[in-house]
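Structure, as structure tokens:
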Amino acid sequence: MSGTGTPPDAYERAAEAAAALAERTGVERHDVVVVLGSGWRTAAEQLGEASCAFPAADLPGFHAPTVEGHGGELRSIDVDGRRVLVALGRVHAYEGHGLADVVHGVRTAVLAGCRTVVLTNAAGGLGEGMSIGQPVLIADHLNLTGRSPLTGPTPDAAIGPRFPDMTDLYSARLRAMARELEPTLVEGVYAGMNGPQYETPAEIRMLQTLGADLVGMSTVHEAVAAHHMGAEVLAMSLVTNLAAGLGDSLDHEDVLSVAVTSADAMGSLLARLVRRL
Ligand code: 8IG
């Protein structure tokens, strides 16, 4: 797939991938999808043993991811009777793929039955008092990429509306549930940027002025696509660095090492959450 938005056949391609997923896993419908971003990979272990695991690229329309720390593997896990699809790694827009490719996994999962979409990422922290290694619930976002995954022909009404409402994009119900499980969790606004370069100090000051607490290069398009199709979205960032000008200069290696250190705590949080969904 190419182009910046959603070509006319994107939903059919996702439906094909959903059918292929059911066949490959032997699971007719999944209930929850968990997308694990940079460094959340080891958190997957705490969700339990996969009944089936395979490269995402085996399904129609999926690419092999390229960034270090991003796997590109799908696992099907039975968590106390809930069928959980875990995606290790995701496709990023900065790799040069169209947004239809970026959200293909989420659309496939929703068409495979997932009514709940859990998105995780690593992000820069720019909120007051945010510290490295801290998980933050995404309460809202600023899509500063200038693009939407919904650009394209009017979708079939069964898929979703032409002009979807984004008021409760990050489900207040799911956020309340997460905070009940983990009262130390704070909430923040995530600024979605195109990347792949990190921000300049002036851009960070701009983002703070705009009300952002977190900054990253993923999640916003997936969240919009999932909500568009009627799924309930929960999203969480792991703060792996303080944004430019607020701490030391940035290095992807440092980001990955923070993620590794925090993985156990993140995994336990996710495992407790999924059991409550
Ligand atoms: I991890 O500081 C991670 N991803 N744009 N800025 C942007 N993306 C990020 C950052 C950051 N940290």
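Among the residues of the stretch 27-43, those identified as open to solvent by 70 Å² or more (accessible area, probe 1.4 Å) and more than 18 Å from GLU222 (Cβ to Cβ) are GLU28, ARG29, THR42. For the stretch 179-208, a residue qualifies if it is within 16 Å of the ligand (Cβ to nearest atom) and free of Cβ contacts under 8 Å to residues at least 24 places away in the same chain, and the qualifying residues are GLN197, ALA202, MET206.
Can you name the residue in the stretch 88-119 that is part of a strand (DSSP E or B) and at pLDDT 95 or above and, of all such residues, is farthest from the ligand (Cβ to nearest atom)? Across the stretch 88-119, the extreme among qualifying residues is THR116.
Condition check ((1) open to solvent by 70 Å² or more (accessible area, probe 1.4 Å); (2) touching an Asp or Glu at 6+ places or on another chain (Cβ under 7 Å); (3) of a type outside the set (A, V, I, L, M); (4) in contact (Cβ under 8 Å) with a residue 24 or more places away in the chain) across all residues:
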position	(1), (2), (3), (4)
SER148	no, no, yes, yes
GLY152	no, no, yes, yes
ILE159	no, no, no, yes
ALA176	no, no, no, no
VAL224	no, no, no, yes
GLU232	no, no, yes, yes
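Filtering the stretch 121-143 to residues that are part of a loop (DSSP other than H, G, I, E, B) and either open to solvent by 70 Å² or more (accessible area, probe 1.4 Å) or away from the ligand (no atom under 16 Å from the Cβ) (or both) leaves GLU128, GLY129, ILE132.
In the set MET236, MET166, only one residue is within 16 Å of LEU142 (Cα to Cα), within 14 Å of the ligand (Cβ to nearest atom) and in contact (Cβ under 8 Å) with a residue 24 or more places away in the chain; that residue is MET236. Among the conditions (1) surrounded by fewer than 21 Cβ atoms within 10 Å (Cβ to Cβ); (2) out of contact with any Gly (no Cβ under 6 Å at 6 or more places or on another chain); (3) in contact (Cβ under 8 Å) with a residue 24 or more places away in the chain, GLN46 misses just one, which is (2).
The values are calculated or read from the model by the stated rules, or taken from the named source; none is laboratory data. From a predicted model like this one, the values you see are computed outputs, not experimental measurements. Cβ: placed from backbone, ideal geometry, glycine included. Neighbour counts: every protein chain shown. In case anyone asks, the SASA skips ligands and DNA or RNA and just uses the protein heavy atoms, side chains included. Shrake-Rupley method; radii C 1.70, N 1.55, O 1.52, S 1.80 Å.
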